[in-house]
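Down below is the structure, laid out as C-alpha cells.
Since every read-out is calculated from the coordinates, none of them should be taken as a lab result. From a predicted model like this one, the values you see are computed outputs, not experimental measurements. Cβ: placed from backbone, ideal geometry, glycine included. Neighbour counts: every protein chain shown.
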Amino acid sequence: MVFTKITTGVAMKVKFWGTRGSIATPGQDTAIYGGNTTCVEVVCNEGQRVVIDAGSGLRLLGEYMRDAGEHTSLYLLITHIHWDHLLGFPFFSPIHDEKTEIMVDGYPTCIKGIRYAFDNQMGDGFSPISFEDLEAKITYLGVLKREILRIGDVMIDKVPLNHPQGGYGYRFEEEGKRFVFITDNELNLSGEGHGIPELYVRFCEGADILVHDAQYTPEEFSMRRGWGHSNFEDALELALKAGVKKLLLFHHDPTRTDKQLEAIEQRCKKIVKDRGSDVEVEAAREGQELVL
Ligand SMILES: [Zn+2]
Ligand SMILES: [Zn+2]
C-alpha cells in the first residue's frame with residue numbers, strides 16, 4: 001500500500017467531520033458546531049488516514065475523498081457500535097470502489113456492528129445492499145483488543161469506556177505529540193464531586209489535544225447518571241488533572257444549540273481562569289481542523 005508523505009514538520013492533522021451525539025441534528029440552530037454524528041479524521045505525518053467512527057459525518061468525508069480523487073486506503077477505528085457511531089458507513093461512497101481498502105479495528109464487536117448496518121442475517125436487513133456486495137476490500141485487523149496498533153510512526157493505544165455495552169477511547173502518539181479521543185464516556189461514577197478515575201488521568205497525561213465527551217451540563221447530569229456520558233465540568237476537570245494543553249468538548253447533546261454551546265465555552269473559560277490554568281477549551285466544530 002502506498003501513502004504519500006503530505007506534511008513536514010508536523011505530526012498529525014485532525015479534522016472533525018461529525019461532532020454531534022446520539023442523533024444527527026441538521027438545522028439553523030446547529031449550523032456552527034454541526035449536526036453530523038461522530039466522525040474524526042486523523043492524517044499521520046506519513047500520510048496514512050485513520051478515521052475514528054462511522055457516524056453520519058463519514059458521508060461527508062467520502063464526498064471529499066471522491067472530489068479530491070484521493071487514494072482510498074484508510075484505517076477505520078470504531079469506538080463502539082451504538083448507531084450514532086456506525087450509521088454513516090453504508091453512505092460512505094468509497095465502499096463502492098474496488099480500489100478502496102478499509103482496515104477496520106477497534107472495539108471487538110466493531111466488524112459485526114458494521115455488517116449489521118446492512119443486514120442482520122435474519123432476512124430483515126437495514127439497507128437495500130448487502131455487506132457482501134460492497135466493492136471495497138474491507139478487512140478486520142483485530143490488533144487493538146490485544147495490543148498497541150502501529151501505523152507507520154504512529155502508536156495507537158486504547159482505554160476502556162464507562163459506557164453501556166462498553167467501548168474504547170484512543171491515544172495517538174507520533175513524534176512526541178499526543179492526541180487523545182474519548183467519547184461516550186461517563187467520567188464521574190462516584191457521585192462525589194469531580195470523581196475522575198485515575199485511569200483516565202494517566203491515559204490523558206500531557207496530551208497536546210484531548211477530545212472528550214461533554215454531552216451534558218452539570219445541571220442536566222444528575223438526571224442522566226448511568227447513560228454513559230459526561231458533563232463539561234468533569235471533562236474540564238480531567239483536562240486540568242492530566243495537564244492537557246487543549247480540550248475539545250465533543251458529542252454535543254442533540255438539543256444543544258450553537259448559542260448554548262458558546263455559553264458553555266464561556267463557562268469553561270471562566271473555570272480555567274479561576275483555577276489559574278492556561279488550558280485552552282473549545283466546543284468541537286464540524287469542519288474544524290487541528291494540527292499537532
Ligand atoms: Zn454516541
Ligand atoms: Zn454510545
Checklist entry - Which distance in Å, rounded to a whole number, links the C-alpha centroids of the stretch 112-140 and the stretch 52-89? => result 15 Å
Checklist outcome for this item: Under the 7 Å Cα-to-Cβ spin-label approximation, ILE32 and HIS96 lie apart by a distance in nanometres of 3.6 nm
Checklist outcome for this item: Highest GNM mean-square fluctuation among ILE114, ILE271, ILE156, for the chain with Cα springs under 10 Å, belongs to ILE271
Checklist entry - Any idea what the dipole of the chain comes to, in debye rounded to 20, about its Cα centre with Lys/Arg Cβ at +1 and Asp/Glu Cβ at -1? => result 400 debye
Checklist outcome for this item: For LEU290, LEU86, ascending order of other Cβ atoms within 10 Å (fewest first) is LEU290, LEU86
Item to check | Gaussian network model of the chain, Cα within-10 Å springs - most flexible of LYS259, LYS13, LYS273 | outcome: LYS273
Next on the checklist: Under the rule of at least 5 residues apart or a separate chain, name every residue whose amide H is placed under 5 Å from the amide H of TRP17.
Outcome noted: CYS39, VAL40, GLU41, GLY287
Next on the checklist: Placing +1 on the Cβ of each Lys and Arg and -1 on the Cβ of each Asp and Glu in the stretch 1-148, which of SER22, ASN45, PRO108 has its Cα farthest towards the positive end of the resulting dipole?
Outcome noted: ASN45
Next on the checklist: Please compute the modelled spin-label separation between GLU46 and LYS112, points set 7 Å along Cα→Cβ, answer in nm with one decimal.
Outcome noted: 3.3 nm
Checklist entry - Expressed as an acute angle from 0 to 90° and rounded to the nearest 10, what is the orientation of the C-alpha long axis of helix 258-274 relative to the principal long axis of the chain? => result 50 degrees
Checklist entry - So which of LYS13/LYS245; LYS13/LYS269; LYS246/LYS269; LYS15/LYS158; LYS158/LYS246 end up more than 18 Å apart by C-alpha? => result LYS13/LYS269; LYS15/LYS158; LYS158/LYS246
Next on the checklist: I want to verify a result. In a Gaussian network model of the chain, Cα cutoff 10 Å, which of these has the top mean-square fluctuation: PRO108, PRO90, PRO197?
Outcome noted: PRO197
Checklist entry - In which sequence would PHE16, PHE118, PHE91, PHE250 go, from the one with the fewest C-beta neighbours within 10 Å to the one with the most? => result PHE91, PHE118, PHE16, PHE250
Item to check | All aspartates and glutamates inside 13 Å of LYS241 as judged from Cα atoms, apart from same-chain residues fewer than 8 positions distant | outcome: GLU198, GLU205, GLU233, ASP278
Item to check | GLU175/ILE23 FRET efficiency (R0 41 Å; Cβ-Cβ; nearest 0.05) | outcome: 0.65
Checklist entry - Relative to the present Cα-Cα distance, how much length would full extension add between GLN288 and ARG224 at 0.36 nm per residue of separation? => result 20.2 nm
Checklist outcome for this item: Given a Förster distance of 41 Å, the FRET efficiency implied by the Cβ-Cβ spacing of SER127 and ARG202, rounded to the nearest 0.05, works out to 0.50
